[in-house]
Amino acid sequence: MHQFLIVTFFLCSLNSFGEAPPLTLEKGKEFYDLGYHLDILEDPTSKLTVKDIQSPKWSQKFKTSVQKIPSFGASESSFWARFTIINKHDEHLKWVLSHKYFLQDEIEFYKKENGKWVGIKTGDFYPFSSRDVNSRYFSFKIKPQKKSVYYMRIKGMGSQFLLNVSSLRNLHSFQTQENFMFGLFFGLVITMIAYNFFIFLSTKSLSYLFYVAFVVFFGITMGIIMGFSQQFLFQNIPWFSNNGFFFLVSFTLASLLLFTIAFLKIKDSNSKLYKIMKYFVILEFVAIFSSLTLPLTVNFLFGVVSAISIPCLLTLAGIYRIKVKYRPANYFMLAFTLLFLGVIIWVLATIGLFPINFFSRHGIIFGSAFQMILLSMGLADRFNLIQEEANLKLENRVKERTKSLQESVEKINQLLNNMKQGIFLVDQNNKIAGPVSTFTEEIFEENIEHKDIFDTVFKDMDKKTSMYGELKFSIDCIYNEDVLQWIVLKDCFPEKIHFTSKNGKRKKIKLSYNPIFKNDKVTNIMYITEDITELEQLQLEAEERKKEEANYVGILQELSKNKREVLKIYFTNTFKLVRDCQNIVNSKQELKLLLQKLHTIKGDSLIYGFNSLSTFVHEVETKIVEEKTGFSDIAQNIYELNGVI
């Protein structure tokens, strides 16, 4: 076992420090990966030239690549690659060397022409016009001979050698396939932007606006990662491939966080998680400002921190919302699971740890497409859920309102049934409509619901009177008219009527009226009736008692004005005169003598200040003079006079 480890270490050492095998172009094959055919040298000073690295001092320090895609992470060093191509292809093909890492900052490619080393400088630090071939890849034209040596130098944040050699027609064919796939992808991006933006305009939901912002920046960022933005959008603006890339990434992540907060309702469900996500949103806006002002290394650090932490945060938020059974969270988690799965497959296929096929080569595209589609479906489901919750709330509110209305109706019925008034509605056909208060039947001594108002309430009105005619006319003119018509005609409705019940009992009914409006038109009239028969009788009796009391007080006042001796003389004479009057009436003597006696009593009463007695005597005189009464009535009046005195 010990010997096996020694041999293995020795072979690996030979492979690392010896020369890499040359790439042989063979007949029938037009595409080759260069990863295992590279010798690599790290230049920490970034000062070595192509002439320097060919010297024995540096040439022997090249190490053979043991990776399909040699990657060097965040390093400030420059890296040189040396490779040899042996051309055994008998066709006269045009060959192209392609570097397919689209974010490589600096690339220098050296080939020998006419015995001299010719260099081409390009990379995302340089405008698109610096490229040797009009392609989204960093491609270089080569003419490999039987044995040709080439050098390439790269530098940047996250440098790697993703190199392959292909014929020009193979490159064009491959690009056509790629362009078709990416065309579908970016078409989907534009569709999602337009569709969800129009939904935002109609719903005013911020979730749709944040999603649109996310898709816009995500689409442009994907375009930079895949080289399309540099070729078609920002050909001569290298900033977008460097600091601008982190500017777009920060906007993408900020809009994604805002979308997640709104989509998953984080603010309403978990205040702590909401605060954390809010801080990360602030961090992304700091990164946006940083991308405009600070060096690329600082922005790269922001990007790394965000790329690691935010997916974890989104996953945590999605899992939490699934646990609390928030339905749209299922779409959210499935969308990002498929995106991460697509990215992982694409990365593994790119570095040779996963079989390369149509799906693995476009894993990031499929993942991104499914992510956008599922998030859009999630938004639709969230909208449906909001509607369902709104409908449920509306149903509950309707139930509550119905219950409240029923309780109100019951209270109104209880109130109506306990009021000592008759209350009911009358429609435009003069029919009494419900509800009718219980006391109504007691007033009219029958159930008047659904009966004609003129056959019940107004049945005892004299149809020949003007009051009846005015009432009939007003009722015919009041319905389906506005409040002004009511104001004009309401005085034609009687305030009091006489009503005779079926058992012959005569009642005095007091009425008041209230119009019921619908769309500003009178549709019904509410009648409020009250039996005031006993009340009016009591009022009359009270008035009589009041009058008697006032008369009694007046008499006392008149008596108090005279002395006792004077009163004795007056009453002695007056009683004698009254007895004379009684004798005259009883013997039916001449009325002239009776009038003289009465006139004497009236005169004495006036002299002594008994005005009430004088008035009463005067009324008796008047009846006798006008012959309004016979001897029997005169006798009654004389006896009343005696009682008054």
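What are the residues in the stretch 106-134 that are over 21 Å from LEU25 (Cβ atoms), open to solvent by less than 10 Å² (accessible area, probe 1.4 Å) and of a type outside the set (Gly, Ala, Ser), if any?
Listed by number, the residues that qualify are ILE107, THR122, ASP124.
Give me the pairs, please: first residue somewhere in the stretch 65-76 and of a type outside the set (Phe, Trp, Tyr), second residue anywhere and part of a loop (DSSP other than H, G, I, E, B) and surrounded by fewer than 14 Cβ atoms within 10 Å (Cβ to Cβ), beta-carbon distance under 9 Å, and either six or more positions apart or on two chains.
Pairs that qualify, where the first residue is of a type outside the set (Phe, Trp, Tyr) and the partner is part of a loop (DSSP other than H, G, I, E, B) and surrounded by fewer than 14 Cβ atoms within 10 Å (Cβ to Cβ), are LYS68/LEU353; SER75/PRO44; GLU76/PRO44; GLU76/SER46.
Inspect all residues belonging to the stretch 552-570 and state whether any of them is surrounded by 13 or more Cβ atoms within 10 Å (Cβ to Cβ) and modelled with pLDDT of 75 or more.
For the stretch 552-570, residues surrounded by 13 or more Cβ atoms within 10 Å (Cβ to Cβ) and modelled with pLDDT of 75 or more: present.
Restricting the stretch 297-314 to residues that are open to solvent by less than 60 Å² (accessible area, probe 1.4 Å) and of a type outside the set (A, V, I, L, M), which is farthest from ALA74 (Cα to Cα)?
Looking at the filtered set, the residue picked out is PRO311.
Residues are listed down the side, and each one gets a yes or a no for (1) in contact (Cβ under 8 Å) with a residue 40 or more places away in the chain; (2) assigned to a loop (DSSP other than H, G, I, E, B):
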| position | (1), (2) |
| --- | --- |
| LEU93 | yes, yes |
| LEU103 | yes, yes |
| PHE109 | yes, no |
| LYS112 | no, no |
| ILE120 | no, no |
| ASP124 | yes, yes |
| VAL133 | no, yes |
| LYS141 | yes, no |
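Could you count how many residues in the stretch 452-471 are open to solvent by 30 Å² or more (accessible area, probe 1.4 Å) and under 14 Å from ILE509 (Cβ atoms)?
Going through the stretch 452-471 one residue at a time, the tally reaches 2.
Every residue in the stretch 132-150 that is out of contact with any Lys or Arg (no Cβ under 8 Å at 6 or more places or on another chain) and over 18 Å from LYS88 (Cα atoms), please.
Selection gives ASN134, SER135, ARG136.
Exactly one of (1) free of Cβ contacts under 8 Å to residues at least 40 places away in the same chain; (2) more than 60 Å from the chain's Cα centre (by Cα); (3) surrounded by 15 or more Cβ atoms within 10 Å (Cβ to Cβ); (4) closer than 30 Å to VAL457 by Cα is unmet by SER614. Its number?
If we test SER614 against (1) free of Cβ contacts under 8 Å to residues at least 40 places away in the same chain; (2) more than 60 Å from the chain's Cα centre (by Cα); (3) surrounded by 15 or more Cβ atoms within 10 Å (Cβ to Cβ); (4) closer than 30 Å to VAL457 by Cα, just (4) comes out false.
Can you list the helices (runs of 4 or more DSSP H) found entirely within the stretch 427-540 that contain at least 1 residues being at pLDDT below 85?
Hits in the stretch 427-540: 438-444, 466-478.
Take the residues in the stretch 315-349 that are without any contact (Cβ under 8 Å) to a residue 12 or more places away in the chain and of a type in the set (D, E, K, R), then tell me which one is most open to solvent (accessible area, probe 1.4 Å).
It comes out as LYS325.
Quick grid of which residues meet (1) open to solvent by less than 30 Å² (accessible area, probe 1.4 Å); (2) farther than 17 Å from GLY156 by Cα; (3) touching a strand residue (DSSP E or B) at 6+ places or on another chain (Cβ under 6 Å); (4) not in a strand (DSSP E or B):
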site: ALA81; (1), (2), (3), (4): yes, no, yes, no
site: THR84; (1), (2), (3), (4): yes, yes, yes, no
site: SER98; (1), (2), (3), (4): yes, yes, yes, no
site: ARG136; (1), (2), (3), (4): yes, yes, no, yes
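The values are calculated or read from the model by the stated rules, or taken from the named source; none is laboratory data. All values reported here derive from a predicted model rather than from experimental measurement. Heads up, the Cβs are rebuilt from the backbone with ideal geometry, glycines too, and the neighbour counts pull from every protein chain shown. Only protein heavy atoms, including side chains, enter the accessible area calculation; ligands, DNA and RNA are left aside. Shrake-Rupley method; radii C 1.70, N 1.55, O 1.52, S 1.80 Å.
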